[in-house]
Amino acid sequence: MLTTKDARDSYLAAFEAVEASRAVAGWLAPIRKAAIARFAEVGFPSLRNEDWKYTDVSPIADTEFRWAALNERLHPGSLEPHWVGGTDVHRLVVVNGRYRGTLSSVGSLPRGVRIGSLAAALQDGADRLQAEFARLADYRGRPFTALNTALFEDGAVVFLPPETVIEWPIHVLYVTLGSAEPVVAHPRTLIVAGANSRLTVIESFVSLGDAPCLTNAVTEIVAEDGARIDHYKAGQDNDDSFHVGETAARLGRDSAVRSHVVTLGGRLVRNEYHAVLDGEGGDCTIHGLYLLNGRQHVDNHLRVEHGRPHCTSREFFKGVLADQSRGVFTGRIYVAEDAQKTDAKQTHMSLLLSEEARVESRPQLEIFADDVRCTHGATIGQVDDEALFYLRTRGLDADAARNLLVYGFAEDSLQQVRYEPLRRHLEKRLLDRLPQAVVRRDEL
Amino acid sequence: MLEIRNLHAQVDGHEILRGINLTVRPGEVHSIMGPNGSGKSTLSQVLAGRETYVVTDGEVLYNGRNLLELAADERACEGVFLAFQYPVEIPGVSTNYFLRAALNSVRKYRGQDELDAMDFLKLVREKARLVEIDDKLLNRSLNEGFSGGEKKRNEVFQMAVLEPALAILDETDSGLDIDALRIVADGVNKLRSPERAFLVITHYQRLLNYIVPDHVHVLIDGRIARSGGKELALELEEKGYGWLEKEARRVEPVSA
């Protein structure tokens with residue numbers, strides 16, 4: 001597209017407009033200003049940027065996104081297919097970057113727990129939240145994070161005091177909704193789990209409406225000493241939409257964060273995951289699964305930093321790529337000089353279903369300690385002939401056998417989803433997206 | 001039921017089967033024995049429809065039909081079953097899940113109604129008892145992390161569910177301890193019937209103590225070098241394959 005206009009301009013203008021109308025929280029204003037200044041300086045990343053070498057964001061930069069309307073009409077029924085579990089779930093809805101209390105059902109909470117609108121929580125002057133905000137998600141280094149930091153309106157907050165256990169999962173449904181023109185939303189989420197607290201949080205991203213959307217999300221997760229967090233990110237945007245998201249986590253001493261990043265939709269998706277193991281004995285596990293067809297492009301970009309000794313990290317990513325889809329996996333493990341006894345393992349397995357599908361797999365190890373165990377492995381393969389033959393000798397025709405193997409490859413990852421209603425939900429979505437729905441899911 | 005005539009097959013240009021002749025009638029148990037590399041597994045794979053083996057000559061009739069023109073899954077639907085020497089591990093797919101899909105595919109082919117989840121579960125319970133296989137195992141990823149014995153039991157369990165007319169057991173005894181061997185053999189014996197034939201491929205005679213064959217054939221260098229009754233297996237146990245190999249190779253230049 002030939003244009004004299006810089007792709008940055010509309011975002012800078014949006015900032016001016018929003019800033020003028022905003023009731024400024026004093027402490028936040030300088031952060032927003034610094035973030036937009038940083039974005040103005042660097043703009044959208046180009047392929048020359050090593051971190052973006054295989055992901056061309058010009059379809060995003062070239063699209064004139066409208067600032068998502070805050071009061072877009074949304075029928076609660078349209079959210080129904082995206083919920084998981086029954087009434088024993090804390091449900092939060094964020095539409096076009098704004099928390100919508102009327103669509104949410106948070107339920108009763110233990111004392112001191114805060115779950116709801118991030119903007120409201122920050123307004124209330126909760127010192128603890130202010131101290132954590134924008135600390136992990138690096139707007140200086142990441143242009144999309146800079147945009148989110150400068151432009152976010154609202155999002156979700158989860159705050160657990162020490163020793164608190166939330167038994168029900170917290171499900172945040174982020175909806176980006178545009179009825180006529182392309183819209184952009186910048187939802188922001190902050191999760192702070194106090195010492196020895198425990199929670200499960202599910203982040204689902206969906207795009208509704210007819211127009212293509214850009215969801216530019218940032219989620220910061222703080223696991224204090226001994227905290228245990230099960231975290232799921234389920235990307236189910238429609239296939240015209242763009243998603244760029246950063247998950248940034250800090251793990252205190254003996255804490256455990258276990259994430260699963262599942263991408264089942266979106267035209268161009270970038271999932272960034274940055275974890276810092278910041279106390280001895282921390283344990284970070286990141287599972288991932290993506291299933292692509294058509295011309296989908298999904299880029300999973302991970303960085304796990306071992307800052308302290310005796311920490312464990314695991315990354316297990318799997319991808320299924322059909323048609324002309326493209327997958328990128330970058331897994332960087334950084335081990336600081338005094339992070340002795342680090343145990344880090346990373347695998348990326350991809351299954352190519354077509355000659356035209358492509359995948360880039362980039363393990364990157366930066367190790368400055370000398371007593372560590374770090375391994376990485378990557379496989380890129382096709383459906384196994386031996387397994388195919390085995391299934392066919394049992395009476396499944398070639399298509400059904402192939403489908404079952406693809407399903408199994410992906411299901412192997414979903415078996416790591418510990419919250420069963422979510423697992424079943426994702427299995428169903430997975431089947432919906434398989435080339436031929438020969439495989440059916442009945443309860444056995 | 002099965003009529004193999006002058007079957008020649010090769011893989012990667014190497015001729016492995018060099019003129020096999022064999023007739024199997026319903027209700028019979030035939031054992032194919034032979035040293036390593038004699039072509040036993042190739043024969044089973046060719047009969048099951050593995051496409052990496054190329055049949056260069058001969059024919060195989062199954063119930064009067066040309067078996068070789070059927071795809072592997074059609075053969076299965078027609079009642080041919082192969083218990084693998086090395087059952088494949090398939091992560092993410094449980095035995096029960098895959099087997100129900102397979103059974104319903106076979107039933108559909110045969111014009112029978114598909115089984116719903118409840119009926120299938122009942123069938124599974126009944127058949128699982130036959131081979132003393134744990135229900136829990138059947139809900140785990142197929143063969144993944146199974147012991148050698150569990151894998152072989154799973155093969156016989158699948159056979160029990162699919163109820164083939166012709167069952168080919170490819171070295172089902174290999175890697176089994178005596179208890180596992182007995183359980184597997186008992187399972188097979190319970191499946192013997194006047195309508196069902198077995199081709200039991202084995203390197204060792206010991207399996208045949210439990211599954212008593214009607215006929216024993218010795219495969220050497222891709223041909224059946226000798227056929228006999230069950231006493232032939234005992235003779236081989238005592239004398240090894242050496243004498244037959246010598247004999248076969250002495251004869252070869254004449255017949256070639």
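So here's what we get for this one:
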{"read-out": "FRET efficiency, A:D385 to A:E356 (Cβ-Cβ, R0 22 Å, nearest 0.05)", "value": "0.60"}
{"read-out": "Cα-based equivalent ellipsoid of the protein assembly as shown: semi-axis lengths in Å, sorted from largest, via gyration tensor", "value": "60, 25, 24"}
{"read-out": "For the stretch B:121-136, Karplus couplings with θ = phi - 60° (6.51, -1.76, 1.60), whole Hz, Gly/Pro x", "value": "4, 4, 4, 4, 4, 5, 6, 5, 4, 4, 10, 6, 9, 6, 3, 4"}
{"read-out": "Derived scalar couplings ³J(HN,Hα) [the stretch B:96-109; Karplus, 6.51 cos²θ - 1.76 cosθ + 1.60; whole Hz; x for Gly, Pro]", "value": "4, 5, 5, 5, 5, 4, 5, 4, 5, 5, 5, 4, 4, 4"}
{"read-out": "Rounded Å value of the spacing that divides the Cα centres of the stretch A:395-410 and the stretch B:134-199", "value": "22 Å"}
{"read-out": "Isotropic mean projected area of the C-alpha convex hull, the stretch B:92-228 (nm²)", "value": "9.6 nm²"}
{"read-out": "Probe 1.4 Å - accessible area at A:K428, Å² to nearest ten", "value": "130 Å²"}
{"read-out": "Spatial separation of Cα centroids for the stretch B:210-227 and the stretch A:341-391, in angstrom", "value": "45 Å"}
{"read-out": "Long-range HN-HN contacts of A:G319 with modeled amide H, under 5 Å", "value": "A:Y290, A:M349, A:S350, A:L351"}
{"read-out": "Mean ellipticity per residue at 222 nm, deg cm²/dmol - from DSSP H runs of n ≥ 4 across chain A, formula -39500 (n - 2.57)", "value": "-6000 deg cm²/dmol"}
{"read-out": "Accessible heavy-atom area order of B:M118, A:M349, B:M33, highest first, probe of 1.4 Å", "value": "B:M118, A:M349, B:M33"}
{"read-out": "DSSP beta bridges in the stretch A:4-279 [antiparallel fraction, %, rounded to 5]", "value": "10 percent"}
{"read-out": "Highest-first arrangement of A:314-325, A:46-57, where packing means the average Cβ count within 10 Å", "value": "A:314-325, A:46-57"}
{"read-out": "10 Å Cβ neighbours from other chains, averaged over peptide A:396-405", "value": "5"}
{"read-out": "A:I367-A:S21 FRET efficiency (beta carbon distance; Förster radius 35 Å; 0.05 resolution)", "value": "0.10"}
{"read-out": "Residues whose placed amide H lies under 5 Å from that of A:Q346, excluding near-sequence neighbours", "value": "A:E315, A:T375, A:H376, A:G377"}
{"read-out": "Loss of accessible area when B meets A, both sides summed, Å² nearest 100, probe 1.4 Å", "value": "2600 Å²"}
{"read-out": "Of B:K152/B:K190; B:K40/B:K246; A:K318/A:K428; B:K127/B:K230; B:K40/B:K239; A:K53/A:K428, those spanning more than 26 Å from alpha-carbon to alpha-carbon", "value": "B:K127/B:K230; A:K53/A:K428"}
{"read-out": "Solvent exposure, largest accessible area first (probe 1.4 Å, DNA, RNA and ligands not counted), of B:I90, B:I16", "value": "B:I16, B:I90"}
{"read-out": "Label-point separation, A:D138 to B:L61 (7 Å along Cα→Cβ), nm", "value": "7.6 nm"}
{"read-out": "Under 5 Å, built H, 5+ apart or other chain: amide partners of B:L169", "value": "B:A83, B:L199, B:V200, B:I201"}
{"read-out": "Rough spin-label spacing in nm, given labels placed 7 Å along Cα→Cβ, for B:K122 and A:Q415", "value": "2.9 nm"}
{"read-out": "Cβ-Cβ FRET estimate between A:T102 and A:A61, R0 fixed at 30 Å, reported to 0.05", "value": "0.30"}
{"read-out": "Neighbouring partner chain Cβ atoms per residue of A:135-143, average, 10 Å criterion", "value": "0"}
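The values are calculated or read from the model by the stated rules, or taken from the named source; none is laboratory data. As the structure is a prediction and not an experimental result, all values here were calculated from the model. Methodologically, a virtual Cβ is constructed for each residue, glycine included, from the backbone with ideal geometry; neighbour enumeration extends over all protein chains shown. Accessible surface is based on the protein model in full, side chains and every heavy atom, while ligands, DNA and RNA are left aside. Shrake-Rupley method; radii C 1.70, N 1.55, O 1.52, S 1.80 Å.
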